[in-house]
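Just below is one structure, and these are the notes that go with it.
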Amino acid sequence: MGRLRTKKKTAAKTIEPLSASTAPSGPSIPALLEKAQTLIVQCNYELAQRFVTRILEQQPSNAVAKEMLGVAQLELGEIEAARATFTALLPPHPDAPTPPPPSAYLYLAQLSEDDPGLALKHYQAAIEILTVQLKGKERALDLPRDDEAALKSNIVRALIGQVEIWMDPSYDLCFDPAAEKTCEDLLASALQTDPGNPEALQALASVRMSQQRPDEARQCLEQAWSAWKDLDLDDPKLPPIPTRLALVKLFLELSLFTPALLVLHGIMSSDDQEVEAAGADAGKRGKLDELTWQELATDARDCLATCQVLHENEGHPDTPLLEHVKELVAKLDALGIKPSPVAEGDGDDQEEWEDVEESGDEDGDVEMA
């Protein structure tokens with residue numbers, strides 16, 4: 001019997017370490033989310049996807065993890081998978097959070113290029129949610145300024161996204177008689193939400209250019225540029241690079257060569273490491289990023305070439321400025337960046353809205369920042 005009692009005692013000792021209270025646990029959900037977010041910032045989307053998958057295995061309805069998964073899929077070129085992931089964050093999906101994340105609507109708007117009407121609806125849904133959040137924040141006495149600024153910025157960018165759709169000549173909406181007023185109203189709303197917002201001012205300048213009102217366009221651009229031109233190159237308040245490239249093009253259209261070159265130089269300086277990486281190992285960051293860089297660099301080269309031609313045609317060209325332009329062009333040439341091919345009808349892209357309405361000429365291209 002003593003041996004039987006000994007066995008009982010031994011068994012108790014071997015079972016105790018396996019109890020739930022003493023078993024080792026893996027990383028917590030917050031720790032996994034933080035790691036996944038860090039990997040996304042570092043553009044390591046494949047590894048981020050693995051961490052997010054671990055989270056969703058434990059919490060299938062975790063909205064933050066789902067959104068990260070959608071971002072990773074999007075960056076990896078898994079477009080349909082990303083669309084399905086973002087759609088699962090919206091009603092009537094049973095696991096959709098309340099309210100749904102506005103970012104899901106914004107991503108879906110950008111993925112709806114073949115359906116402008118649906119894209120406009122997604123943008124509007126995001127704007128409504130963000131506006132409710134902003135009003136709630138405005139009532140809070142201890143609102144962090146960064147939170148309020150981020151909400152306003154997202155609302156403005158969604159409104160500009162709608163303007164871009166209305167002005168895109170590849171959509172029939174561009175030729176709708178209500179297009180001009182609609183864009184004016186959207187931009188008025190953007191500037192009411194965030195007075196002096198440089199991206200909204202730049203979009204308004206693009207509209208003014210399409211209306212053949214260059215003086216007002218120049219005023220908008222100068223005001224927009226003054227809001228960030230003295231910021232450091234790594235300041236997060238700088239507009240996205242595509243927005244700055246669009247500003248360069250508008251400056252060139254107005255023969256404002258010096259500010260155009262200054263903005264372009266800032267773009268290339270701030271992105272110098274990416275330029276070197278692209279030249280040394282073009283495929284390292286994935287096909288989607290490589291394509292984005294190639295398009296960006298081609299746009300930059302086109303802007304420089306335009307600046308060079310227009311400035312050389314001036315009666316008294318600025319020689320140092322021209323030399324700087326040539327240096328930047330040579331740098332892009334060394335990376336294998338060639339000018340974009342000239343498309344037929346490119347000279348017709350500044351038609352006035354009124355002319356489009358009267359003639360129905362589909363060659364009229366309204367460029368949008």
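Taken together, the values in this text are just the output of simple stated rules run on the coordinates, not laboratory data. This is a predicted model, so every value here is computed, not measured. Quick reminder, even Gly has a Cβ in these numbers, built from the backbone with ideal geometry, and neighbours come from all protein chains shown.
Before moving on, here are some points about what is shown:
- Cα gyration tensor category, rounded, prolate or oblate, for region 33-117 with a/c compared to 1.5: oblate
- Sites Ser61 and Ala305, calculated FRET efficiency, Cβ-Cβ separation with R0 56 Å, nearest 0.05: 0.60
- For region 101-227: rounded, prolate or oblate by the Cα gyration tensor [a/c cutoff 1.5]: oblate
- Over region 179-263, relative contact order from alpha-carbon pairs under 8 Å, at least 6 apart, %: 22
- Cut-off 20 Å (backbone N to label point 7 Å along Cα→Cβ of Thr298), residues of region 61-84: 77
- FRET efficiency estimate (nearest 0.05) - Cβ-Cβ, Glu222 to Ala150, R0 22 angstrom: 0.25
- Around the Cα centre of region 101-227, unit charges on the Cβ atoms of Lys, Arg, Asp and Glu (plus for the first two, minus for the last two) sum to a dipole of about 340 debye.
- Region 235-269 and region 149-193: distance between their alpha carbon centers, rounded to Å: 21
- Segment Val132-Thr258, length gained on full extension (0.36 nm per residue, minus Cα span): 41.2 nm
- Estimated FRET transfer efficiency (Arg54, Asp235; beta-carbon r; R0 51 Å; 0.05): 0.90
- Positive-pole candidate from Pro169, Val207, Ile127, dipole of region 101-227, charges at beta carbon: Ile127
- Maximal additional length on extending the Ser189-Ala84 stretch stands at 34.7 nm, based on 0.36 nm per residue less the C-alpha distance.
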